[in-house]
Amino acid sequence: MADRAVDGKDGEVASRRGTWTRDFALFFTARGVAKLGDSMLPVALAAGLLQYGYGAGAVGLAMASSVACFAGLVIFGGVLADRFNTRLLMTGADLVRLVTQSLAAVMFFTGHVVLWQICAIGAINGAAAAVFQPGVAGTVPRLASDVQAANGAIRVAESGAQLAGPAAAGMLVALAAPGLVFAAHAATYAVSAACLLLLRLPPMVRDTGMARPRGAFRSELVEGWREFRSRRWLWGVISVWCVLMIGAWGPAVPLVAVQVTQEHGSGAYGLVNSALGAGTVIGGVLALRVRPRRMLRAGALALFGFALFPATAGAGLGVPWMMAGCAVAGAGMSFWGVMWATSVQTQVPREVLNRIHAYEVAGSIAMQPVGQALAGPAAATFGTHEVLLAGGVITLLVATTMISVPAIRDLVRADAVPLVSTPVRGRRGRAETH
């Protein structure tokens, strides 16, 4: 049976649109191309800054400048997305990043590379991303009747882009110069902006129970927090996700890279990373097909597989076993991502969806830098293998916790058909239901 979006007129309009419409194809292209450029950027920054005499610390600082601004400003971006035209906000954010990345390309082409200027560009990019990202959550259910299928398709495109991006960036650096990668990155934002400009979003039908005049910026920020806090399943997942970021995902990303490279070489790490990316594609495809009634429970069960990402490296297994483990881990994380995104987009009223998505994104990524910062000291104190194995155990505990919380485990998908009560005759002939 085909899914409906959210109950009400908006859902009726969406059901007539289908999923693969012209407008969804434009949005799908915008997301895939932008993700391709974003996955090229780390290679360009590392190769470019190292070429001009900067060290690994400078590369980390340049990347952190973007992440810090994004994490600090995304909740404000959620308010803007609920107050103004999201398509124009996202288009404007892409155009800003088109300009900044073009400037970065000019810097690297001319050899005028100054670290604080690169960091400033990263900070502006992070601020633009904070304006862009909240609108994504509200756009998907307005474009597609089958929100899960739409999220699954976008996840497959983004995963494929993450696989292709680093390889493409490496080829461009080897054949030309880092400046060419920045130019290519700027071009991806131009394509994304063009797709968004051509996009025709249907008017949003608001829930009558929540419609109210717009208040002050601060009051809408507070309202978003209140709506976020009122949903136990929502803040419950984010709370345990912070533990996952600190104890597993945050440390695993740098430590797996170091461990695999030191023990098996950089080529082996490339294979392991590719296996992880291939797994995310598989998870996205599965999310297109599997339609559980309790999405978060199914996603949490899939998340058990992610424990293999840190655990296989921590156990010192061979490269083939690590690749297999990373493929399972990527599939589990990707499947969870689609289940989670679809739950948020279909369970939350449209009036506050962008703000709640902003709080959700901020909470999801806030602890990742903390985990990455603690990775080095923890590995020096306890050993890299031990920290990675602990990350696997923490992942299992996080998934178990989500399944153990009734508000998370028992959340029924918004488009589920209610179970039909069967009348049963009691002892005295009265009808009873079960």
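The values are calculated or read from the model by the stated rules, or taken from the named source; none is laboratory data. The structure presented is a predicted model; accordingly, all values stated were derived computationally and were not measured. Note that we place each Cβ from the backbone using ideal geometry, even for glycine, and neighbour counts take in every protein chain shown.
Remarks
- Condition check for R355: surrounded by fewer than 24 Cβ atoms within 10 Å (Cβ to Cβ) and basic (K, R): no
- Top-ranked residue in the range 131-158 [being not acidic (D, E) and not in a helix (DSSP H, G or I); ranked as farthest from G78 (Cα to Cα)]: S145
- Residues (buried (at least 24 other Cβ atoms within 10 Å of the Cβ), among the hydroxyl-bearing types (S, T, Y) and over 16 Å from L36 (Cβ atoms)) located in the range 124-165: T139
- As for the range 159-172, it holds no residue that is assigned to a loop (DSSP other than H, G, I, E, B) and either more than 18 Å from the chain's Cα centre (by Cα) or touching a residue at least 12 places away in the same chain (Cβ under 8 Å) (or both).
- The range 215-274, residues that are more than 30 Å from V412 (Cβ to Cβ) and among the aromatic types (F, W, Y): F217, Y269
- Search result, residues across the range 263-299 that are within 13 Å of M322 (Cα to Cα), of a type in the set (S, T, N, Q) and touching a helix residue (DSSP H, G or I) at 6+ places or on another chain (Cβ under 7 Å): S274
- Residues of the range 73-118 that turn out to be surrounded by fewer than 20 Cβ atoms within 10 Å (Cβ to Cβ), among the aromatic types (F, W, Y), part of a helix (DSSP H, G or I) and more than 19 Å from the chain's Cα centre (by Cα), as a count: 2
- Qualifying residue in the range 147-158 (condition: of a type in the set (D, E, K, R), touching a Leu at 6+ places or on another chain (Cβ under 6 Å) and modelled with pLDDT under 90): no
- Some residue of the range 239-250 being farther than 21 Å from M402 by Cα and either part of a helix (DSSP H, G or I) or outside the structural domain of C326 (by TED's automatic domain parsing) (or both): no
- Residue within the range 291-306 that is modelled with pLDDT under 95, in contact with a Leu (Cβ under 7 Å, 6 or more places away or on another chain), under 25 Å from I154 (Cβ atoms) and surrounded by fewer than 24 Cβ atoms within 10 Å (Cβ to Cβ) present: yes
- Only one of P310, P320 that is crowded, with 24+ Cβ neighbours inside 10 Å and at negative phi: P310
- Residue within the range 375-388 that is under 23 Å from the mean Cα position of the chain (by Cα), assigned to a helix (DSSP H, G or I) and either over 25 Å from Q133 (Cβ atoms) or among the acidic types (D, E) (or both) present: yes
- One residue stands out among those in the range 251-288 that are of a type in the set (S, T, Y) and closer than 17 Å to P42 by Cα: the one that is modelled with the highest pLDDT, which is S274.
- Tally of residues being surrounded by 15 or more Cβ atoms within 10 Å (Cβ to Cβ) and free of Cβ contacts under 8 Å to residues at least 40 places away in the same chain across the range 256-272: 4
- One residue from V181, V156, V131, V136 being touching a Gly at 6+ places or on another chain (Cβ under 6 Å) and within 28 Å of A275 (Cα to Cα): V156
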